[in-house]
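These notes concern the structure reproduced below.
The values are calculated or read from the model by the stated rules, or taken from the named source; none is laboratory data. Values in this document were obtained by computation on a predicted structure and should not be read as measured data. Note that we place each Cβ from the backbone using ideal geometry, even for glycine, and neighbour counts take in every protein chain shown. To get the accessible areas, we keep the full protein, side chains included, count just its heavy atoms, and leave off ligands, DNA and RNA. Shrake-Rupley method; radii C 1.70, N 1.55, O 1.52, S 1.80 Å.
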Amino acid sequence: YVPFTPCNAGAVLSAALPLIHAHGLHCKYIRSVLLLRKLNAGMFGYEQIGKNLVVYLPRVNSRFLGALKAGLSGFRDQCPAVPFALAFGDDLPLYYRYGAYRDGFLRFGSSEQPDDRASARAVPKNVRNRLARFTSPAREDLEVTRFLLRFPAHQALVQQGKCGVFRALNLESDAFQEVILKVGYHRGQMQPDGSDGCTFIRREIEFYKLLASRGLSRVAPALVDSLDRPRKALLALELIPGDSLLLHKLANRLTVEHLERCWEIIAKIHSAGLYLGDAKIANFLATDAGDLRVRDFEAAGAMGDPPPPIRTFLLNPEPLDPVLAD
């Protein structure tokens, strides 16, 4: 798999396709920029993110792999990761997994097993990894590792191109405490200006600080901790039992009082010189204790500051949807 973004799609394809053609290999790639943005956002399934160019290797081809790694060397650290796949390393936009070509089963000699593309097992059990010798160890950020060990996730709530949202535990709390862990993905759901999933989480972290500085912490879940690193942004929030107002609406439980309280929260935020940017009912939480909180501040900010680099590309697509290559 060779992932790319709308910012470098043409250049990556121009580097990779001649090599694939020269070695007589089969491949497929996503040609439309609009479809590329949807794919990398996770709209076609989390497991499809980054599968922008797929090359089929019927056998190990060391000459091709060496040429491809060299050809993609100029795109290090510029592309999203591919879920459920193994990285070749060196920050290259290059990943792999064993997969079936014609049907949903992998065959090894006289045995076969289902080909589950959403499985974390990229190399089937009891099968030698023939590509391992072409890879390099992944770079590890010890601060990120320590943060994730402090807040171990036990349930994925949402997995998107830009970020993942998980239920996790706070192992440093004196009493049992569950939290919501949000993880921004490097180069995930990249915007035309270069902002990515980490950018969105960083905006949330800054907005929580703004709420605290203006005495409005109680309108949102409490900020437990956060970490901002060059390739990762993480946010741990108080887990508040309750349902969003969107779920209340779908269950015919939404009331005028709910909406009036939403307006009160919005008014408080506006009077403090802040704005939400995405004040939809799915972002308001009716707690089991009878309170109401607002959440998700990727598009929020302070009035007068530059607006966030977030576009609703489904409602406002590109005027022209260019083809990436012919």
Given the conditions (1) farther than 30 Å from Leu142 by Cα; (2) surrounded by fewer than 15 Cβ atoms within 10 Å (Cβ to Cβ); (3) free of Cβ contacts under 8 Å to residues at least 24 places away in the same chain, every one holds for Ala282 apart from (3)
For region 114-126, the count of residues that are among the acidic types (Asp, Glu) and either open to solvent by 60 Å² or more (accessible area, probe 1.4 Å) or on the phi > 0 side of the Ramachandran plot (or both) equals 1
Checklist entry - Does Asn129 count as out of contact with any Cys (no Cβ under 8 Å at 6 or more places or on another chain) and open to solvent by less than 30 Å² (accessible area, probe 1.4 Å)? => result no
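From the set of residues in region 4-24 that are out of contact with any strand residue (DSSP E or B) (no Cβ under 8 Å at 6 or more places or on another chain) and small (Gly, Ala, Ser), which is least open to solvent (accessible area, probe 1.4 Å)?
Ala9
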Just one listed residue, out of Ser244, Ser226, is in contact with a helix residue (DSSP H, G or I) (Cβ under 7 Å, 6 or more places away or on another chain), open to solvent by less than 70 Å² (accessible area, probe 1.4 Å) and closer than 17 Å to Gly290 by Cα, and it is Ser244
Those residues of region 76-103 that are open to solvent by 40 Å² or more (accessible area, probe 1.4 Å) and small (Gly, Ala, Ser) come to a total of 3
Going through region 60-75 in order, the residues found to be surrounded by 12 or more Cβ atoms within 10 Å (Cβ to Cβ) and assigned to a loop (DSSP other than H, G, I, E, B) are Asn61, Leu72
By residue number, the members of region 200-223 that are open to solvent by 20 Å² or more (accessible area, probe 1.4 Å), in a helix (DSSP H, G or I) and not hydroxyl-bearing (Ser, Thr, Tyr) are Arg202, Arg203, Glu206, Lys209, Leu210, Ala212, Arg218
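For (1) touching a Leu at 6+ places or on another chain (Cβ under 6 Å); (2) of a type in the set (Gly, Ala, Ser); (3) modelled with pLDDT of 95 or more; (4) open to solvent by 60 Å² or more (accessible area, probe 1.4 Å), each residue gets a yes or a no:
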| residue | (1), (2), (3), (4) |
| --- | --- |
| Glu140 | no, no, no, yes |
| His154 | no, no, yes, yes |
| Phe166 | yes, no, yes, no |
| Glu178 | yes, no, yes, no |
| Asp193 | no, no, no, yes |
| Gly197 | no, yes, no, no |
Pro309 meets each of (1) open to solvent by 40 Å² or more (accessible area, probe 1.4 Å); (2) under 30 Å from Leu148 (Cα atoms); (3) within 28 Å of the chain's Cα centre (by Cα); (4) at pLDDT below 95 with one exception, condition (1)
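Here is a list: Ser111, Ser136. Which entry is more than 20 Å from Gly161 (Cβ to Cβ) and either more than 24 Å from the chain's Cα centre (by Cα) or open to solvent by 40 Å² or more (accessible area, probe 1.4 Å) (or both)?
Selected residue: Ser111, the only one of Ser111, Ser136 that is more than 20 Å from Gly161 (Cβ to Cβ) and either more than 24 Å from the chain's Cα centre (by Cα) or open to solvent by 40 Å² or more (accessible area, probe 1.4 Å) (or both).
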